[in-house]
Amino acid sequence: MYSKIFNIGLSRTGTTFSHEVLEKLGFKSTHFVNALLKNDWEVVDNYDALGDTPIPLLFKECDKRYPNSKFILTTRNKDKWLNSMKWMFKHGRIIWNWPLSLGNYHRNIYGTNRFNQEILDAAFERHHMEVRDYFKDRPDDFLEINIEDGFNIEEICTFLEITPRPVQIIHTNDRRKAKTWQFLNYYLWHYLIYPIANSTKKILMC
């Protein structure tokens, strides 16, 4: 029996939908693993399946730490991905209230923490090539899903060695524009209030 299930697809490649599918199939799944940004690997023990940030960057480490695991690469048309990433870096980060520290992860995996089509294009190609090459001789451990073709539940169940079952998902991770007040609140907090509060705390502790 395998150890864990890791979705190593990049952000905006159906990772949320994949997480929801795995939950419906009975796995304890989590999406966006904050603790791993701080190198806290104990969190992995709490779940059957993990995906999105920062799993794609750590897929080789995941393989070493959790041998006999299953790896799913969700992917999509690159132009559509770039368009979605443009939204993510402008509106998504505001709506989700990203900490500024998340920029370090984006620089590590994409080479930028802002939308740059040329850099992101190269990162997309590099990640897919690296993953496919890494698992090229391990077909039983690796499944690639192009979300343009939809999620073949029977194929996923076969890959995960479970009995196929019907899965109905109502997907709600739609793109929407951040409101003006959300932009103001984000920049006010992260660039003014938090830095001042943090500096004051350091002074008081001295």
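Just a few scattered comments:
- Of the criteria (1) over 23 Å from LYS179 (Cα atoms); (2) surrounded by fewer than 16 Cβ atoms within 10 Å (Cβ to Cβ); (3) of a type in the set (A, V, I, L, M, F, W, C), which one TRP96 fails: (1)
- When each of PHE124, PHE71 is tested for being in contact with a strand residue (DSSP E or B) (Cβ under 7 Å, 6 or more places away or on another chain) and modelled with pLDDT of 95 or more, the lone residue that passes is PHE71.
- Unique match (being in a helix (DSSP H, G or I) and over 15 Å from the mean Cα position of the chain (by Cα)) among ASN83, ASN68, ASN104, ASN97: ASN83
- Any hit, region 158-165, residues being under 25 Å from GLY14 (Cβ atoms), in contact with a His (Cβ under 7 Å, 6 or more places away or on another chain) and at pLDDT 75 or above: no
- Pick from region 42-87, criterion aromatic (Phe, Trp, Tyr) and more than 21 Å from ASP141 (Cα to Cα), ranking: surrounded by the fewest Cβ atoms within 10 Å (Cβ to Cβ): TRP87
The values are calculated or read from the model by the stated rules, or taken from the named source; none is laboratory data. This one's a predicted model, so the numbers in the text were calculated from it and none came from an experiment. A quick note on method: Cβ atoms are made from the backbone with ideal geometry, for glycine too, and the neighbour counts reach across all protein chains shown.
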